[in-house]
Amino acid sequence: MSSNKRVYLVYLGGFLVAAHYALVVYLNSSLIKQFVGDNTLSLLYVIGSLCSIATLLLAPFLLRKWGNVVTFLLFIFLEIIAVVGIGSVQLALIVLALFILHQAAESILYFCLDVALEHETTIEGTTGEKRSIFFTVQNVAWVLSPLMIAFLVRGDNFSNVYLLSGLMLAPLFILVLFFFRNPKLAKAKDSFIGPAIKILFRGGDTARIFTIQFLLNFFYAWMLIYLPLTLNTEIGFGWDTIGVLFTIMLLPFILFEIPAGFLADRKFGEKELLIIGLIIMTVATAFIPFLHTASFLLWAILLFSTRIGASIVEISAETYFFKHVKDKDTGLISLFRMARPVALVIAPLCAIIILRFTDYSSSFLFLALITLSGLFFIPKVDTR
């Protein structure tokens, strides 16, 4: 099979992982809230994210030992068990344990996709285009999945959604088993986490792009935990309306990432796009605490605007980073993907403090300050 065809299979794999994850990610906090209070909810995200960090630290070793395919298949299987169990089991302790497993397994699925795509990207000048297509295919799934939530959720019963989420991974398992390549990519010197951490402590543009990646994922973490709670419990939207709102909110990831990836490769480079994206994110997020009315149109416009900025920052950061690494640099790739679970540790810990003094919607002023700080970490040297 040619490399181009394998790239398309990686895109398909990305779509399936995203469709699976997008179905449940905005429901998780509301489902777990049925069993625990606010502080325990935040701590569960922290514990799950710490487990995710541990699995990402272990990932380079697994790739050296087993290769990408076997590692991928193992965590697909674990993730199926986790999400189907969360949706079907009623015992609190089991649900909470499966939620932690879900948090730990999810990041490895994206890590394995990163390694597979990077292995098929031999010309760095095409990184922005391939990465933007990769993300846009996933974002189609992110846009469509909330519509399924609108049809499948009945009151506080989410079981149908979690079952469908698990079923989305069955074709992925078959795809990886029969069509993905399984080289043991990582040389020991490239895959250890230690040298990768030393690179970050040296500072420079690598550390800056890692910081922006963390801030972006902090934004996502705050949004996925506290935005549904804001819309449902404070504004009063039902899940049918929230599902449609999230679909509209996520459209910028389809509309803007391919053009932004093209511009990063051919026109501007990433610095200018990062600045524009961070400013849009900050301004739009800062308006959330001031919108108290349950106006579908106003909330759709506001949430859409937050993701215009996020989509530009996301593809710019991805393009910049993957222009500077190879598929064998699994230590650096693992750390880069660790930004998400680290953010899911830090964001809930911050929320435990912030929510003592304010409500869900007002907490987004704090989030706007976090995104604004990203302007201090723009890389000094562009790729163009």
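A short reminder: the numbers here are calculations on the coordinates, not readings from a lab. The shown structure was predicted, so the numbers you read here are calculated from the model rather than taken from an experiment. Cβ sites come from the backbone with ideal geometry, for glycine too, and all protein chains shown count toward neighbours.
Dividing the summed helix terms, -39500 (n - 2.57) for each DSSP H run of n ≥ 4, by the number of residues in the chain produces a 222 nm estimate of -26000 deg cm²/dmol to the nearest 500. Report the calculated FRET efficiency for Leu369 and Phe151 (r = Cβ-Cβ distance, R0 = 41 Å), to the nearest 0.05. That gives a FRET efficiency of 0.65.
Is segment 256-382 rounded, prolate or oblate when judged by the Cα gyration tensor, a ≥ b ≥ c being the square roots of its eigenvalues, rounded requiring a/c under 1.5 and prolate requiring a/b larger than b/c? Please report the intermediate quantities before stating the final value.
Values: a/c = 2.42, a/b = 1.47, b/c = 1.65.
Oblate.
Extension gain for the segment Ile81 to Ala207, taken as residue separation times 0.36 nm less the Cα-Cα distance, is 41.7 nm to one decimal.
Normalised by the number of residues in the chain, the average gap of Cα pairs under 8 Å and 6 or more apart makes the relative contact order 29 percent.
Computed log10 I(q)/I(0) for segment 233-331 at 0.25 Å⁻¹: -1.22, from the Debye equation with unit scatterers placed on every C-alpha and solvent omitted.
Given the pairs Lys5/Lys198; Lys198/Lys323; Lys65/Lys198, which span a C-alpha to C-alpha distance of over 31 angstrom in this model? Lys5/Lys198, as the Cα separations exceed 31 Å there. For segment 204-355, the relative contact order comes to 39 percent (Cα pairs under 8 Å, sequence separation of at least 6).
Could the peptides 310-320, 359-369 be put in order, highest first, of the mean number of other beta-carbon atoms found within 10 Å of their residues? Walk me through the numbers before you get to the answer.
Numbers: 310-320: 28.1, 359-369: 19.0.
Result, highest mean first: 310-320, 359-369.
Whole-Hz Karplus values for segment 361-369 come out as 5, 5, 5, 6, 5, 4, 5, 4, 5 Hz, taken residue by residue from phi with 6.51 cos²θ - 1.76 cosθ + 1.60 and θ = phi - 60°; glycine and proline positions read x. The length gained by stretching the chain between Leu298 and Thr40 to full extension, at 0.36 nm per residue less their Cα-Cα distance, is 89.7 nm. Karplus-derived 3J(HN,Hα) values for segment 94-108, using 6.51 cos²θ - 1.76 cosθ + 1.60 with θ = phi - 60°, are 5, 4, 5, 5, 5, 5, 5, 4, 4, 4, 6, 7, 4, 5, 5 Hz; glycine and proline are entered as x.
Net charge near Phe256: determine it from the other residues with C-beta under 11 Å of the C-beta of Phe256, scoring Lys and Arg +1 and Asp and Glu -1. Don't skip to the end; give the middle numbers.
Numbers: positive: Arg307; negative: Glu257, Glu314.
The answer is -1.
The per residue volume of the convex hull around the alpha-carbon atoms of the chain is 120 Å³.
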